[in-house]
1. Sorted by accessible area with a 1.4 angstrom probe, largest first, how do Leu212, Leu728, Leu402, Leu430 fall?
2. Per the 1.4 Å probe, what fraction of the accessible area of the stretch 314-414, in percent, lies on carbon and sulfur atoms?
3. Quick one: length gained pulling Ala177 to Ser874 fully straight, 0.36 nm per residue minus the C-alpha distance?
4. For the stretch 582-599 and the stretch 213-235, write down the distance between their C-alpha centroids in whole Å.
5. Not counting ligands, DNA or RNA, and with a 1.4 Å probe, what is Ile614's accessible surface area in Å² rounded to the nearest 10?
6. Got a sec to turn the phi values of the stretch 432-448 into Karplus ³J(HN,Hα) couplings, 6.51 cos²θ - 1.76 cosθ + 1.60 with θ = phi - 60°, whole Hz, x for Gly and Pro?
7. Could you compute how fast the stretch 415-516 diffuses translationally, taking Rh as the Kirkwood radius over C-alpha pairs and applying Stokes-Einstein at 10 °C with viscosity 1.306 mPa s? Give it in µm² per second.
8. Among the lysines, select those whose C-alpha is under 28 Å from the C-alpha of Lys127, and discard any that sit fewer than 8 residues away in the same chain.
Amino acid sequence: MSCSSLPLRRIHKQLHQLRTAVKIQTCTGIQRASITTVSPKTPCFIQNADSLETLLRQCCSSKALRAAMQAHSQTVGLGMSTLPKLRASLVNAYSKFGVFGYARKLLDESPEPDLVSWSALISGYVKNGLDKQALMAFHEIHALGLKYNEFAFSSVLKACSGVKDLGLGRQLHGVVAVAGFASDVFVGNTLVVMYAKCGEFPDCRRLFDQILDRNVVTWNALIACYVQSDYCGEAVRLFQEMVSEGTRPNEFSLSSMLNACAGLEDDGEGRRIHGDLIKLGHSSDPFSANALIDMYAKVGLLEDAVAVFVSISHPDIVSWNSVIAGCVLHELHRTALELFLRMKRSRVAPNMFTLSSAFKACAALELGEMGRQLHCGLIKAWADVDSFLGVALVDMYVKCGLIDDAMALYSSLPDDLVALNAVISGFSQLGADSQALNLFSKMFRNGVGFNQTTVFLILKCVAGLQAGKVCEQVHVLAVKSGSEHDSYVVNSLIDAYGKCSLVAEAAEVFEDSPVKDLASFTSLITAYAQNDLGEEALKMYVKMRGTGLEPDPFVCSALLNACAILSAFEQGKQVHVHALKFGFMSDTFAGNSLVNMYAKCGSLDDAGLAFSKIPERGIVSWSAIIGGFAQHGHGRRALELFEQMIRDGVSPNHVTLVSVLCACNHAGLVTEARAHFRSMRESYGVEPTQEHYACMIDILGRSGKLDEATGLVDAMPFEANGAVWGALLGAARIHKNVELGQRAAEMLFSLEPDKSGTHTLLANLYASVGMWDSVVKVRRLMKDGEVKKEPGVSWVEVKDKVHSFLVGDRSHDRSEEIYAKLDELKGLMAKAGYVPVVETDLHDVERAEKELLLAHHSEKLAVAFALIATPPGSPIRVMKNLRVCVDCHTAFKFISEIVSRELIIRDTNRFHHFKDGACSCGDYW
């Protein structure tokens, strides 16, 4: 056949271009590590060409390179090496061994081109993964004017599959058709695989359907391609079609099906295939056994995977890798390492996949020293660490907290984005967000680049640091790279903006996203809840349900947190019903949020019941219930729960210990507070933070131990923040210590100049000692500094609606009834002995005017509205954004007894339960 057709000329052009980019590798031992130098039993004595061919076949089957080279030497000595038949056999042998230097030398010395030898060379290149070299060799065949046979076409098409060159593959298909090999089953199968591996499944299927004489090999080729491309469902349908047409599956068909079942996580179909393997007698086939181990491991049936593994008399490296990787996948890391050590004792050498699994197990168990030992063994065996194992090692060192080792290894690797992501992820997990950002900035300047995973990880660090400006910069990078609509990036942006208190920007990202899925709704609902925008969170949930999306435990948790912020008890109960309806009550995350919601809505009984139903109570669960009792003033009960938690083997964290100190604070337990504060570092290894110091200083200050409180401030190992000085100022106000109050206020003015609470507390202190001129100065200071006093707002939930009130508010549609109720209560309280506490009012006016101002405080308006809008006898729950004043506290004790109802008031400090004329705080708040 003359090879001068138009498609071949195009191939010649493409191959000529390829030749300029690829230098043919003259390797003398690509697979040397897997080739033994032991001669076969047949003596190396050549009598004729037939005996040489026989010997070379034996050498190839036993991988005896040295014997083959001895045979070659004898043919040269006997003058037989020039025989075309022997030369072709030698080229074939060297190509199979991967010793292409000798194979090419024989071809170059050949006086006449030999298609058989060239076909053997091309086949050897393809089998050794040298697809570009195979295409170059095909170019040389064409240049020599040789006719092609089905073997040459098949090998070249495989090379096209390897490099995924669809254009060249299509042209070769045209040449195959012209040459008359399209009907050849061998070539047809290779064409089917080529189209599939290049992602052209419609063409692949059309070509497959045109093959008239389809056999099991043909079917296997197509099914395997679908599985390799993750079209596992289609692979299963093809298998069923093959069986229905009467083609009997073999072990390769069934192994492909096991891989498909693993991809689909379909253990039922996997078990049926296992049964077919047993029926057809293939269950002992190593290839099938390995596929079974892999399938059972990936569908979560690890016991079955181990059972199959144990049944293999001589497991190979693939068997070991499958069962070890399965253990790692299901977090049985110790078992994985035990198997790894057993494998080494059985003298099966680990490869990079085995070591990768071992490094993952070491990372999970934080066995850094063992990881180091494996790393040393790797260096001794292979000297260089490739990027695949390099990333696994970096990940292991980071997760074991060995940052210096991780960075040293990372710096020795070529610029690798996966390794960079591993280091950033590790820094993030260790809380070293600043280091992660610095590394990303440095590598970005060095041109390493980034992908969606990098953006996702960096945004997580940004959220941890609450760095709003950096978040905006990363957002710009995401837009420029075209990844701003990637679902992971969208959700990360919403989360990061939310944690940076940039809620408007978070909402804008959500609205701009083309796909609004459950994850993006959850992210925005969480952002609203975290920024005290409970109503917006609940509205977003209604919008989400309107799209037909069903909630998951994370949405329910975010909604419960929103209800906790609003003290929206009724709406919280409705979310609880949703959680029950969708079966989320076994989820620990949702259970913890439920405890928190009921506690912050004033229902400790419901919080305790929810806590008792959490299946696995961890530190978050215990912290929620201890914090709830502390906020409600049940200090003793909170401390009892803390002791129970310790007995249950749960170690406290810094959040739990803040709740413990708050419990002591609200109950005035100074001695207990001192003991717990001292034991933080000694007993639990928790270093006190600003928050712990602020609690302790507040406890000492409120109990009148001002010198001790001041001494603790001076002894702090770091500069005190606003919370610490605020606690000291509050104590000074309670005990009317002007000098201490002025010192604390001066520090607060420099730390938080825009915060109105400092001015208010200082003015209260001056007013309490009659220093009205100083009160006026503080007010003037606020006015000149444009500091706006935060208005007192109280709200109450009635019939799923939240009603808000300001002091003297008359905007409510039932204002007349509200004020009439207040007048009625005023008269009843006066008869019961109530006297307004006017000393806390900062206005320098007559007593009658002060009494009128106090009577219309926002919390009193909220309680009056609840009395006329809720059923008699039901508890009333009111929330206030500031601390409840002394006069309102006194009035509510009278009102609770007059109306025979429990009033539950939550201010910024704690809960007050007013019942039968008394408050749960014992007037200590």
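The values are calculated or read from the model by the stated rules, or taken from the named source; none is laboratory data. Because the structure is a prediction, the values reported are computed rather than measured. Cβ coordinates were reconstructed from backbone atoms using ideal geometry, including for glycine residues, and neighbour counts include every protein chain displayed. Keep in mind that these areas ignore ligands, DNA and RNA; they rest on the heavy atoms of the full protein, side chains included. Shrake-Rupley method; radii C 1.70, N 1.55, O 1.52, S 1.80 Å.
1. Numbers: Leu212 170, Leu728 0, Leu402 40, Leu430 90 Å².
Reading off the accessible areas and sorting them downward yields Leu212, Leu430, Leu402, Leu728.
2. 56
3. Numbers: separation 697, 0.36 × 697 = 250.92 nm, distance 8.77 nm.
Result: 242.2 nm gained on full extension.
4. A separation of 47 Å, based on Cα centres.
5. Ile614 exposes around 10 Å² with every protein chain in place.
6. The phi angles translate into 8, 5, 5, 5, 4, 5, 5, 5, 4, 4, 5, 5, 5, 5, 7, x, 5 Hz.
7. Details: Rh = 13.4 Å.
In µm²/s, the coefficient is 119.
8. Lys13, Lys23, Lys41, Lys63, Lys85, Lys96, Lys105, Lys147, Lys158, Lys164, Lys197
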